[in-house]
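The block underneath contains the structure these notes are about, expressed in structure tokens.
The values are calculated or read from the model by the stated rules, or taken from the named source; none is laboratory data. Keep in mind it's a predicted model, so treat the numbers as computed, not measured. Counting neighbours? That spans all protein chains shown, and the Cβs are built from the backbone with ideal geometry, glycine included. What goes into the accessible areas is simple: the full protein's heavy atoms, side chains included, and nothing from ligands, DNA or RNA. Shrake-Rupley method; radii C 1.70, N 1.55, O 1.52, S 1.80 Å.
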Amino acid sequence: MKLFKKILDIINKPNPDEDPVEERGKFMPNIDLPVDEKFTINFKKNGGKFIYCDSIEEIYDSFGSILAENNWNDKKIFCVNAKLREKFEKLGGQFSSNLQESHAFITTCENLVADNGAILISSNQIGELKLHDLPDNLILFATTSQLVNTIGEGLRGIKNKNKDHIPTNITTIKHFNTQGEKNFLNYGSNSKNLYLLLLEDL
């Protein structure tokens, strides 16, 4: 009996290459995946490019690779955050404070939302600009401690973190494939070509 159970376990063991969310019908309850795994699956489904890094040195190397891969070394990169600009400016790329002449935008975010793979941002990252004002190419620097399960959890975190001055212009970026087909589900949304540099900090 035990031998038979072992054989059944081997046969029924899911293939690690299969997407556990993809197998299930849309009306089935969600599998309780860890927040990082859930975010990765949904973010990739949305068309985002994901680069996981163990150290800040790996972040810098990956940033250089993104510039080289896209031939952006001589393209202008827009950045609102002075500290972020200082970190990355020495690594290559032509940084600019002029949005109109910029080919890409580098920023941080408020949170990474696992249940839909979206990026939660606010005026802390983009000022009063709208998503459609930003270049099509985004490079996002975030950390694993910014992962949350839902948008509601992220909004509560923003409120608790900024009690004296809650940021405005809070929005999400969810569609990351500018070349993808448009459909009625993402009609009117602003698709961006997004690279996520994710630093392990937990």
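What to note about this one:
- Within the range 124-155, the residues that satisfy the criterion of being surrounded by fewer than 16 Cβ atoms within 10 Å (Cβ to Cβ) and of a type in the set (Gly, Ala, Ser) are 127, 145, 152.
- Here residue 54 meets the list (1) open to solvent by less than 80 Å² (accessible area, probe 1.4 Å); (2) modelled with pLDDT of 80 or more; (3) among the charged types (D, E, K, R) almost entirely, failing just condition (1).
- Count - residues of the range 88-121 that are crowded, with 20+ Cβ neighbours inside 10 Å and within 14 Å of residue 170 (Cα to Cα): 9
- So residue 66, is it closer than 18 Å to residue 200 by Cα and either open to solvent by less than 70 Å² (accessible area, probe 1.4 Å) or in contact with a Ser or Thr (Cβ under 9 Å, 6 or more places away or on another chain) (or both): no
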